[in-house]
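The block underneath contains the structure these notes are about, expressed in structure tokens.
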Amino acid sequence: MKKYFFDIEKKHILTIATMNLIELNETSSLIIKELLKNKTEKEVTQLIYSSLDKEYQISSIYNEIQNDIDILIKDLLTKGIDVSKPELFNIIESDNKFKSVPDLPIVHIIKNCNSLCTICDCWKDNNNNYHPYEILRDIFQELIDKGMSTIMISGGEPLLHPQLEEIIDFLKNQKIEIQLNTNGMLLNKISWLTKKNIEHIIISIDGTDSDSYKKIRGVDFFTKIFSEIKEFKKISPQTKIGIRTIFSKYFLKNYKEFISICKNSKIDSIDFSPLDISSSSFSRTDNNSDNINELKSLLPTLDELQDYISSFTNKDAEIYKYFIKEFNNDYLGWEPKKIIECLNFYKNELSNPDDYQLGEDICLFPYTSLLIDYDGSIKNCFYSNPIGNIYDKKNIDWDTSSAIEELKANNICSKCRGKIFST
């Protein structure tokens, strides 16, 4: 996981977790740049010393440079920044190009799906629309050459991909950590899946009982999915299985019962997704007012939202204490502060959909991730312009800075639910 941005042109280091900015001078920036190339302190000292005019190349100056480098490294360490670990840095070169690959590329390998979700239109595509293994293998290899170590395989429903085993085998042979994002309906129908030692499987489970699950996901699979998970864990106990659920009115009303079911089913963790109400993502082609109103019906009312916000603000409230405990136990992915952000996002979507803006916090998704979409386009995030396409590999522009600037200029980020995920 990348922890820092080092901008050589602007001469600063940005710590991602805290957004703290450390300003550097010309010499410090040069030293850090060379150290992040895996050069030793001695090599960097010699490089700077050799660049001096002959009249300054004396032993006292050499020792002074060496001492300055040592002081800089120790000062950065006191701030928690270790320049001996270049794998922690996203580096922006002087030409303003990102030179390191994002930490977790998300790849939609197929558009088809067997879950008739109200929130997604992938299942409406009956054309067996998927990216062939050979195309994916080539782009994966390029990402691996750029330093990729983890990948999220998603869809549609990736377990429907006819070449999924080849895809998994290639990534495993390359020592790539895999996160497989699935609805889980075919989890035990694919005989080889339990044998692949997949590190993480993330299963989408929306709704907290059979009725609410069917309302959101369009199929009656709530009870079955948990038995599928328990069976899979028996055979492949080393695989971490987490679930991702929409933070809906159903979850808020029945969170204790739902979490209890998850724990009894050997699920390792629960994470959340803010409901995307009005964008054109999830392959939506006709997000008209009726569809938008149907999605809004999955949210609490405005009065309920305000009550929940009050409860999650009150450290003595039962719901606050329950969530903070499970968050601290690493079972729930959101703490109360993040939940309040989501609830306020919902309030704005219900009452002020055209005029509100989210906070000024920087969304990290475009900087630290990458998306390969259903049509093969490569993007910084779900809503950015493409930097290329996997079917035209020679014309991919791996410099993502212009796409990020376009996101900012178009003000797309100001209302994006991704800020709830990635700030």
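Here are a few things to note about the model shown:
- If you go through the stretch 275-306 and pick out every residue that is without any contact (Cβ under 8 Å) to a residue 12 or more places away in the chain and hydrophobic (A, V, I, L, M, F, W, C), you end up with 0.
- Subset of the stretch 289-312 (residues that are more than 17 Å from residue 336 (Cβ to Cβ) and in a helix (DSSP H, G or I)): 289, 290, 291, 292, 293, 294, 295, 296, 302, 303
- Number of residues in the stretch 90-106 that are at pLDDT below 85 and closer than 30 Å to residue 294 by Cα: the value is 0.
- Considering each residue of the stretch 264-274 in turn, none proves to be assigned to a helix (DSSP H, G or I), out of contact with any Pro (no Cβ under 6 Å at 6 or more places or on another chain) and either in contact (Cβ under 8 Å) with a residue 40 or more places away in the chain or surrounded by 15 or more Cβ atoms within 10 Å (Cβ to Cβ) (or both).
- Hey, residue 341 at pLDDT 75 or above and either among the aromatic types (Phe, Trp, Tyr) or under 30 Å from residue 322 (Cα atoms) (or both) or not: yes
- Residues (open to solvent by 10 Å² or more (accessible area, probe 1.4 Å) and either modelled with pLDDT under 90 or touching a helix residue (DSSP H, G or I) at 6+ places or on another chain (Cβ under 8 Å) (or both)) located in the stretch 131-140: 133, 137, 138
- Of everything in the stretch 155-177 that is outside any helix (DSSP H, G or I) and more than 21 Å from residue 114 (Cβ to Cβ), the residue that is least open to solvent (accessible area, probe 1.4 Å) is 176.
- When the stretch 107-129 is filtered for residues that are modelled with pLDDT of 90 or more, open to solvent by 20 Å² or more (accessible area, probe 1.4 Å) and touching a Ser or Thr at 6+ places or on another chain (Cβ under 8 Å), only 111 remains.
- Of the residues screened, residue 277 is one that is under 24 Å from residue 222 (Cα atoms), of a type in the set (Val, Ile, Thr), at pLDDT below 95 and open to solvent by less than 10 Å² (accessible area, probe 1.4 Å).
- Selected residue (only one of 180, 193, 143, 186 is open to solvent by less than 10 Å² (accessible area, probe 1.4 Å), among the aliphatic types (A, V, I, L, M) and touching a helix residue (DSSP H, G or I) at 6+ places or on another chain (Cβ under 7 Å)): 180
- Scanning the stretch 335-349 for residues that are charged (D, E, K, R) and part of a helix (DSSP H, G or I) gives 337, 338, 341, 347, 349.
- Any hit, the stretch 293-301, residues being of a type in the set (Lys, Arg) and within 29 Å of residue 383 (Cα to Cα): yes
- Just one of the numbered conditions (1) in a helix (DSSP H, G or I); (2) at pLDDT 85 or above is not true of residue 87: (2).
- Total residues in the stretch 280-324 satisfying the condition of being among the basic types (Lys, Arg) and open to solvent by less than 40 Å² (accessible area, probe 1.4 Å): the figure is 1.
- Across the stretch 22-51, the number of residues qualifying as out of contact with any helix residue (DSSP H, G or I) (no Cβ under 7 Å at 6 or more places or on another chain), assigned to a helix (DSSP H, G or I) and surrounded by fewer than 17 Cβ atoms within 10 Å (Cβ to Cβ) comes to 6.
- Only a single item in (1) in contact with a Ser or Thr (Cβ under 8 Å, 6 or more places away or on another chain); (2) more than 20 Å from residue 368 (Cα to Cα); (3) open to solvent by 40 Å² or more (accessible area, probe 1.4 Å) is not met by residue 54, and it is number (1).
- The residue that is farthest from residue 343 (Cα to Cα), among those in the stretch 237-263 that are of a type in the set (Gly, Ala, Ser) and surrounded by 16 or more Cβ atoms within 10 Å (Cβ to Cβ), is 242.
- In the stretch 369-405, the residues that are acidic (Asp, Glu) and either within 28 Å of residue 135 (Cα to Cα) or open to solvent by less than 30 Å² (accessible area, probe 1.4 Å) (or both): 373, 375, 392, 397, 399
- Unmet criterion (only one of (1) modelled with pLDDT of 90 or more; (2) open to solvent by 30 Å² or more (accessible area, probe 1.4 Å); (3) under 16 Å from the mean Cα position of the chain (by Cα)) for residue 330: (3)
The values are calculated or read from the model by the stated rules, or taken from the named source; none is laboratory data. Please read these numbers as outputs of a predicted model, since none were measured by experiment. Virtual Cβ from ideal backbone geometry, glycine too; neighbours counted across all protein chains shown. Keep in mind that these areas ignore ligands, DNA and RNA; they rest on the heavy atoms of the full protein, side chains included. Shrake-Rupley method; radii C 1.70, N 1.55, O 1.52, S 1.80 Å.
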